[in-house]
Amino acid sequence: MGKNLKTGIIMSYISMFSGIVISLLYTPVMLKYLGQQQYGLYNMAASVISYLNLFDLGLGNAVVRYSTKYRISGQKEKTEYLYGMFLVLYLIIAGIIIFLGCILILNAESFFKVSTGATGVYELKIIMTIMIISLAIGFPGSVFCSIISSYERFTFLKITGLVSTILNPIIMIPLLIMGYKAISVSCVALFLNCFLIVTNIFYTVKILKIRFRFGKIDFSLLREIASYSFFIFVGAIVDQLYWNTDKVVLGAVSGENMVAVYSIGSQIHTYYQQFSWAISNVYFPRVTTMITEKISHLELNNFFKKIGRIQYQVLFLILTGFYIFGKEFINWWSGPNYSEAYYIALIVITPATIPLIQNMGVHIIQAMNKHVFRSICYLFIAMLNAFTSFLVAPKFGGIGCGVCTAVSLVIGHGILMNCYYRFKIGINIVQFWKEIGKIFITFMPLVIVILIANLFFVTDSFVLLVIKIVIYAIIYFIYAYLLVMNNEEKSMVNSCIKRFQGIIQC
């Protein structure tokens, strides 16, 4: 593993852990001072505005893919025109975002049921306005982030992201204590988004010495990019239908309080998937390089299995830990009014483990430009999820929506995509699941023992709960190192520990 990848993965996890810890500490404060109604209002706005993210059209991945491809082949001038073309495209998209955002704002009261009447609708529109401005600015700004990623400068991206994460509660908590509500949360998010964009622009232009050329458009390349990006765009639609439609539906039929509860469960899922994507996202430029160099099917299979094993060992710790300690955690973290969020989270993250340990397959088929089937398949399943969620939400609320999402995950990710990986991409899925099955069986004695032990050690404070979770994580890691990890994984752990020590000493 290259130096940049090792450092990138370490920084990914440092950034991720820091972000999660900060969020875990900050969320209860935010819930206390915002209240369930304002927290739900903020998430209602975010759920509908997030659909405008679809106008990325898959171009972010295209920037990374084609930038890496041209740089490897030494086509510097073509790369510079490519950057210029993407920047212009994103500026056009930003204009479209503002136009569509205005339409959404003017019709906000038609979408949602707001318990506080005209006052709540007015606040909702203000929040949506701020979010749309932030999103419109973020689109052209994302070009610079993608360029930095294509150069595998992950350390810089993770450090700036971590700084932004730390600044958020530092700025926001005093404002909350002073009585500012959801609108101020949106304003701070806009400020931090601008901060990240400015730092990425500076790094791209001054450090990487990237030039942007304009005026020369390669229409054949544009058609190729459009073909590549279209089905990534369809995949983005799927993600929105999976993870945001439930909140939109609940906001329409139940109001902001149910959205607040579902958002807590959804936030647990967000934490969960970060542990997986922190690894695989670092590898996307490397996957593109491997596909460009036409590696063998055996190497591809070994790579897929290698990353999947690592991801599963990490995710199984989180999944089993949440199953054992999650109910206590939700009660202490967000309060008894959010107890239903435990079941929502558990229902969703259990089947979500399947795609999260196979998301390297997504990068592989994107690099191969063979993501058409995945996008169409997921679109159909996501539409089914949205339709069934709309049917069950009035009677079964957030749990009903969670079940619909879980069933869709199993059908789409667990069955259909595994068949596609096996028969169309040539990945040995049977061997992959045998490896995962061995890991599962090896870990189960430990999980059962901890589960039983936890029944006899009921916590009466959040500190004791944290101690139990930390003890489980330490035991799990030692158990994994001794009984589960292969020699390559142990070597990787040892290497990462040494590199982490080097970062600390610096």
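General observations
- Odd one out for Phe373 among (1) surrounded by fewer than 19 Cβ atoms within 10 Å (Cβ to Cβ); (2) free of Cβ contacts under 8 Å to residues at least 24 places away in the same chain: (2)
- Checklist (1) in contact (Cβ under 8 Å) with a residue 40 or more places away in the chain; (2) part of a helix (DSSP H, G or I); (3) of a type outside the set (Lys, Arg); (4) not assigned by TED's automatic domain parsing to the domain that holds Gln313 applied to Ser408, failing item: (4)
- Exactly one residue out of Phe440, Phe373, Phe380 is of a type in the set (Phe, Trp, Tyr), modelled with pLDDT of 90 or more and in a helix (DSSP H, G or I): that is Phe440.
- Here the stretch 436-452 is the region considered, the condition is being in contact (Cβ under 8 Å) with a residue 60 or more places away in the chain and surrounded by 16 or more Cβ atoms within 10 Å (Cβ to Cβ), and the residue that is nearest to Val470 (Cα to Cα) is Ile450.
- Residue within the stretch 157-164 that is among the basic types (Lys, Arg) and part of a helix (DSSP H, G or I) present: yes
- Verdict on Phe191 being farther than 25 Å from Glu256 by Cα, touching a residue at least 60 places away in the same chain (Cβ under 8 Å) and part of a helix (DSSP H, G or I): no
- Where Arg286 falls short, out of the listed (1) within 30 Å of Thr27 (Cβ to Cβ); (2) at pLDDT below 85: (1)
- Selection status of Ala393, of a type in the set (A, V, I, L, M, F, W, C) and within 30 Å of Phe303 (Cα to Cα): no
- Condition check for Ile92: out of contact with any Leu (no Cβ under 9 Å at 6 or more places or on another chain), more than 30 Å from Leu34 (Cβ to Cβ) and exposed (fewer than 15 other Cβ atoms within 10 Å of the Cβ): yes
- Among the residues making up the stretch 293-351, a single one is surrounded by fewer than 18 Cβ atoms within 10 Å (Cβ to Cβ) and touching a Gly at 6+ places or on another chain (Cβ under 7 Å): His297.
- Selected residue (criterion: nearest to the chain's Cα centre (by Cα)) from residues of the stretch 109-122 that are surrounded by fewer than 19 Cβ atoms within 10 Å (Cβ to Cβ) and assigned to a helix (DSSP H, G or I): Phe111
The values are calculated or read from the model by the stated rules, or taken from the named source; none is laboratory data. Not measured: the values here are computed from a predicted model. Positions of Cβ are backbone-derived with ideal geometry, glycine not excepted, and every protein chain shown enters the neighbour counts.
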